[in-house]
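Please read the structure below before turning to the comments.
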Amino acid sequence: MSETGRSSGRIRATGKRRKGPTKGRRAVTTLAWVAAGVVLAGGGGLGYVYFKLDGNLKGVDINGALGANRPEEVDNGSQDILVLGSDSRHGDNGKYGTDEGGARSDTAMVLHVYPGHKKASIVSIPRDTLISRPDCVSDKDGKTPVPAAERQMFNTAYEVGGPACAVKTVEQMSGIRMDHYVEVDFTGFKKLIDELGGVPVTTNKAIKDTKSHLDLPPGTHQLNGEQSLGLVRTRKSVGDGSDLGRIQLQQAFMKALIGQVKDVGVFTNPKKLYDLADAATKAITTDSDLASVNSLVSFANGLKGIGAEDMKMVTLPVQYDPRDPNRVIPLEQQSQQVWRALKAEQPIPASATQGSAGDKGDAGKIVKGG
């Protein structure tokens, strides 16, 4: 088993939150995990394959890092997973820019799978959201305390304290315990899309963004990995140029990706199945409970029936910060409506996003599955 640089070894956490079926076709979540869950659900077979794919995986002991001071465990079969897209520019990611102080969570989504595993909701958290960050421990040495702070951008939690601090921050915001953690990096995402053969999307407006290196005329396109990465990173050329427009693009692309995973026919092609599983397991870092092929297969098997039509995708209700128009702050009443609905295993009400800056604009209408 491989280890992550964030811990000395991949130690299995002792306390599992929910004793319902630990599965989840991560396909329902975000970006690359869509493929990882579906592929691994159909994968398996020879011991060598398991050994090879196991060796690709990196695990972080979130439960061990956070201890017992967390929201209560719930035993009703539901699942909550924090999914992050890391914007680290180390290694192969360096061509997308340079780190400004450290890696941050470029994309953040909370996936809530309802009991019965037939439906799911996804809540995107804008990275520019100003929040109260809890006290954490430095991700660099795992020991140095990082004091709590007010009016901090959400994505700085990952920057200063890594996955454990990001999970702790989301749990403080929502009051919901995260069962699992999944992180995807730029390069892994790109390779995964290429192994899938690309993702078909239709754009009804031109998208040209020099920062994300994307130049698409209106029409239907089969986006390769580089183009797909450009699309989910595009910000300045859609909507109002904020992170809120980018989130709408990401949600639209995710639905197209889920459809492509279903249609690509990997299960009839053993080599393609293996190549895709290899790329998927290299693309992600998970919590230690998921950091084995067997765990991912079990996790994936339970949500095969969830498709794009079974998911409700929203952006955390926010408004532009009166003190800094480049940042957003949660709309407290509406945000709590979102989290209360998930805790009660209810659909997110439409009233929760009314008046939110994230519910405005047409960036998400620019792209649809091809």
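The values are calculated or read from the model by the stated rules, or taken from the named source; none is laboratory data. Everything quoted here is computed from the prediction, not taken from an experiment. Heads up, the Cβs are rebuilt from the backbone with ideal geometry, glycines too, and the neighbour counts pull from every protein chain shown. Only protein heavy atoms, including side chains, enter the accessible area calculation; ligands, DNA and RNA are left aside. Shrake-Rupley method; radii C 1.70, N 1.55, O 1.52, S 1.80 Å.
Points worth noting:
- Working note: Karplus 6.51/-1.76/1.60 with θ = phi - 60° gives the stretch 170-184 the couplings 5, 5, 5, 5, 9, x, 10, 6, 7, 6, 9, 9, 9, 10, 10 Hz, where Gly and Pro are set to x.
- Of Lys52/Lys282; Lys118/Lys312; Lys58/Lys282; Lys118/Lys360; Lys312/Lys368; Lys118/Lys255, those spanning more than 18 Å from alpha-carbon to alpha-carbon: Lys118/Lys360
- Under the simplified labelling scheme, the Gln319-Thr202 pair shows an inter-label distance of 3.8 nm, with each label point 7 Å from Cα along Cα→Cβ.
- Note on Lys368 and Ala344: their simple-model spin labels are 3.3 nm apart, each label 7 Å out from Cα toward Cβ.
- Rounded to the nearest Hz, the phi-derived 3J(HN,Hα) couplings of the stretch 341-347 under the Karplus curve 6.51 cos²θ - 1.76 cosθ + 1.60 (θ = phi - 60°) are 4, 5, 5, 8, 6, 10, x, where x marks glycine and proline.
- Accessible area per residue was computed with a 1.4 Å probe on protein heavy atoms; Asp61 scores about 30 Å².
- The ratio of the alpha-carbon radius of gyration of the stretch 194-243 to the globular-protein estimate 2.2 N^0.38 Å is 1.10.
- FRET efficiency, Lys312 to Ala149 (Cβ-Cβ, R0 56 Å, nearest 0.05): 0.95
- Probe 1.4 Å - accessible area at Lys360, Å² to nearest ten: 130
- Summary value for the stretch 192-258: 29 percent relative contact order, contacts being C-alpha pairs under 8 angstrom separated by 6+ residues.
- Normalising the Debye intensity of the stretch 314-360 to I(0), with uniform scatterers on Cα atoms only, and taking log10 at q = 0.15, 0.21, 0.30, 0.31 Å⁻¹ returns -0.36, -0.64, -1.05, -1.10.
- Pair Lys140, His213: separation of 7 Å Cα→Cβ label points (nm): 3.0
- For Ile258, solvent-accessible area (1.4 Å; no DNA, RNA or ligand), Å²: 0
- In terms of overall dimensions, the stretch 101-205 has a Cα radius of gyration and Dmax of 16.2, 50 angstrom.
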